[in-house]
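Comments concern the structure below.
The values are calculated or read from the model by the stated rules, or taken from the named source; none is laboratory data. Model, not experiment: these values are computed from the prediction. Cβ placement follows ideal geometry from the backbone for every residue including glycine, while neighbour counts extend to all protein chains displayed. The protein model used for the area step is the full one, side chains on, heavy atoms only, and it has no ligands, DNA or RNA in it. Shrake-Rupley method; radii C 1.70, N 1.55, O 1.52, S 1.80 Å.
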Amino acid sequence: QLTESGGGVVQRGDSLRLSCGPSKGGFNEGLFNDYNIAWFRQAPGKVRDFVGAASWFGGSIYYADSAKGRFTIARLLGTKTVYLQMNNLEPEDTAVYYCAGRKSSLTGSGDRDNEFTYETWGQGTQVTVSS
């Protein structure tokens with residue numbers, strides 16, 4: 001229902017910008033801006049981890065501790081896109097990156113990092129960082 005793009009193979013210290021938006025012919029594009037959007041990542045053999053999230057209006061942004069300082073999330077309502085800007089990438093950032101959406105608030109319940117609370121997902125985009 002969502003789609004990610006922008007992954008690739010880069011070297012340590014490089015940057016990448018991932019994009020998340022409604023998939024064509026699937027998710028109702030008009031509803032995308034009603035959803036809070038989160039980024040998760042899953043490295044080989046590991047569980048899927050929360051990276052960060054943006055509220056439906058883009059005014060509230062949250063980050064996992066591992067993402068603070070190097071990753072930035074931005075949301076553009078007009079283009080129905082949520083970006084994950086990743087700087088100074090390290091081999092440990094190698095993973096499949098997913099975006100996910102939910103209508104329930106990101107605040108208050110403390111569960112914004114719980115993947116099972118998200119209703120719709122993208123197929124993922126691979127990010128590989130070589131040393």
### Query
Hey, among the residues in region 71-91 that are more than 28 Å from Gly30 (Cβ to Cβ) and within 14 Å of the chain's Cα centre (by Cα), which one's surrounded by the most Cβ atoms within 10 Å (Cβ to Cβ)?
Met86
### Task
Being in contact with a Ser or Thr (Cβ under 6 Å, 6 or more places away or on another chain) and either at pLDDT 95 or above or charged (D, E, K, R) (or both) narrows it down to one of Ser15, Ser19, Ser23, so name that one.
Ser19
### Message
So, in region 97-115, exactly how many residues are within 9 Å of Asn36 (Cβ to Cβ) and either out of contact with any Leu (no Cβ under 8 Å at 6 or more places or on another chain) or surrounded by fewer than 16 Cβ atoms within 10 Å (Cβ to Cβ) (or both)?
### Response
5
### Summary
Restricting attention to region 26-53, the residues that are of a type in the set (A, V, I, L, M) and modelled with pLDDT under 95 number exactly 1
## Note on the structure
Of Ser60, Ser23, Ser55, the only residue that is more than 14 Å from Gln126 (Cα to Cα), of a type in the set (S, T, N, Q) and either in contact with a Pro (Cβ under 6 Å, 6 or more places away or on another chain) or open to solvent by less than 20 Å² (accessible area, probe 1.4 Å) (or both) is Ser55
### Query
Given the structure, is Thr94 in contact (Cβ under 8 Å) with a residue 40 or more places away in the chain and open to solvent by 60 Å² or more (accessible area, probe 1.4 Å)?
no
#### Entry: Leading residue by the ranking (most open to solvent (accessible area, probe 1.4 Å)) among those in region 31-51 that are under 14 Å from Asp93 (Cβ atoms) and either of a type in the set (Gly, Ala, Ser) or part of a loop (DSSP other than H, G, I, E, B) (or both)
Lys46
### Query
Of the residues Phe40, Phe32, which is touching a strand residue (DSSP E or B) at 6+ places or on another chain (Cβ under 9 Å) and closer than 16 Å to Val127 by Cβ?
Phe40
